[in-house]
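For reference, the structure discussed in these notes is given below.
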Amino acid sequence: MNLKACYRPLTLKEALDYLEEYKDKSKIIAGGTDLIIKLRKGNINPQVLIDISFINELKGVLEVGEYMEIGCGTTFYDLASCILLNERLKGLKDAARSVGSPQIRNRGTIGGNICNASPAADSVVPLLALDSILTLESKKGKRKIYLKDFFKDKGKTDIRDDEILTTIKFKTPTKNQGLGFYKLGLRKSLAISRISFSVFLEIDDINRIEIIRVASGSVGKFPMREYKIENYLTGRILDEDTLNTALEILEKDIYERLNGRNTARFKSIAAKGVFKKALLKALCLAKGGGKIED
Ligand SMILES: Cc1cc2nc3c(=O)[nH]c(=O)nc-3n(C[C@H](O)[C@H](O)[C@H](O)COP(=O)(O)OP(=O)(O)OC[C@H]3O[C@@H](n4cnc5c(N)ncnc54)[C@H](O)[C@@H]3O)c2cc1C
């Protein structure tokens, strides 16, 4: 290990100064739940760590007009217990609750989950379905990027060496809208997702789908939007025939994407059940509530 210093800035400005100075010789550490493992394995070898976990301005959830804005340093525990996130956003809270163990949820942050760019990053899937926008900041200024455009490859993102992901923003769901999430893991807790889906749905009184955004985890190189199924479902009445055709489209698409991998058959079939659960949860919330069993 080549580590020479760990800085603990108390403001974003101070953190950006360190980043500007050390750039690719440094690594940001938030909760450390991914980074420390990589350090110990020798997968990364920074000279300097910049610990952003003491910067209060990067933590918490704000309501800004019709948007919700989440600070990158918000932990899964804080997200899951945030009263500002309304019931229609249950899918995001469910994803936060599904991460690791209590210890991991107390340390792990939403910003770390996004920047680590794992295909199994649980909070990223509902954030994609919400069509979230990220703010990246450096000494040179701010830029915004849609989360759906942020991932470049497995573990690779669009972020530059001198940038910090500061906030994640999305429109607050309103009447007739809901966000569902479902995760398939090997166990009920402390389980990395084998497959996860999130669905954002807006539906009218006769069950016509006005808006649908579908996102998946662990069925590609990184969490991603499922445009084929979105395009098919948008504008249709949600009935059994429509759903069955949508499931066929999804199975074929995922099988082709994973073709050659020994999990392709299992995942393309199981994905249909996981997607359906997320869709039913979103539907239930869009219709104004009620309980859906896991
Ligand atoms: C036992 C265990 C169980 C786990 N279970 C799950 C699970 O069920 N679901 C799941 O999704 N994940 C799981 N994880 C992975 C991990 O907890 C999450 O990915 C977590 O969100 C990472 O956040 P962090 O704050 O700890 O990030 P860190 O480890 O501090 O950082 C991760 C990466 O992101 C970068 N980074 C962090 N914050 C920023 C920022 N604001 N701007 C720019 N770069 C940044 C760091 O430089 C680093 O490269 C698990 C991990 C462990 C050890």
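The values are calculated or read from the model by the stated rules, or taken from the named source; none is laboratory data. Worth saying up front: this structure is predicted, and the values here are computed from it rather than measured. Note that each Cβ is placed from the backbone with ideal geometry, even for glycine, and that neighbours are counted across all protein chains shown.
Structure values in brief
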{"quantity": "First in region 107-118 and among the hydroxyl-bearing types (Ser, Thr, Tyr), second anywhere and near the ligand (Cβ under 6 Å from one of its atoms), Cβ under 6 Å, 6 or more apart", "calculated": "Thr109/Ala30; Thr109/Gly31"}
{"quantity": "Odd one out for Leu79, checked against (1) buried (at least 21 other Cβ atoms within 10 Å of the Cβ); (2) outside any helix (DSSP H, G or I); (3) out of contact with any strand residue (DSSP E or B) (no Cβ under 6 Å at 6 or more places or on another chain)", "calculated": "(2)"}
{"quantity": "Number of positions in region 237-293 that are in a loop (DSSP other than H, G, I, E, B) and within 21 Å of Pro173 (Cβ to Cβ)", "calculated": "7"}
{"quantity": "Qualifying residue in region 198-218 (condition: without any contact (Cβ under 8 Å) to a residue 24 or more places away in the chain, in the same structural domain as Arg261 (by TED's automatic domain parsing) and buried (at least 21 other Cβ atoms within 10 Å of the Cβ))", "calculated": "yes"}
{"quantity": "Within region 164-184, considering residues that are touching a residue at least 12 places away in the same chain (Cβ under 8 Å) and either basic (Lys, Arg) or surrounded by fewer than 21 Cβ atoms within 10 Å (Cβ to Cβ) (or both), the one farthest from the ligand (Cβ to nearest atom)", "calculated": "Asn176"}
{"quantity": "Top-ranked residue of region 88-120 - restricted to ones that are in a loop (DSSP other than H, G, I, E, B) and either surrounded by fewer than 18 Cβ atoms within 10 Å (Cβ to Cβ) or under 12 Å from the mean Cα position of the chain (by Cα) (or both), ranked as farthest from the ligand (Cβ to nearest atom)", "calculated": "Pro119"}
{"quantity": "Meets criteria (part of a strand (DSSP E or B), over 23 Å from Val64 (Cα atoms) and aliphatic (A, V, I, L, M)) for Ile145", "calculated": "no"}
{"quantity": "Evaluation of Gly65 against (1) touching a residue at least 24 places away in the same chain (Cβ under 8 Å); (2) more than 21 Å from the chain's Cα centre (by Cα) (one fails), failing number", "calculated": "(1)"}
{"quantity": "From the options Glu87, Glu57, residue that is among the acidic types (Asp, Glu) and within 19 Å of Phe197 (Cα to Cα)", "calculated": "Glu87"}
{"quantity": "Selected residue (criterion: nearest to the ligand (Cβ to nearest atom)) from residues of region 71-87 that are farther than 17 Å from Gly32 by Cα and touching a residue at least 24 places away in the same chain (Cβ under 8 Å)", "calculated": "Leu79"}
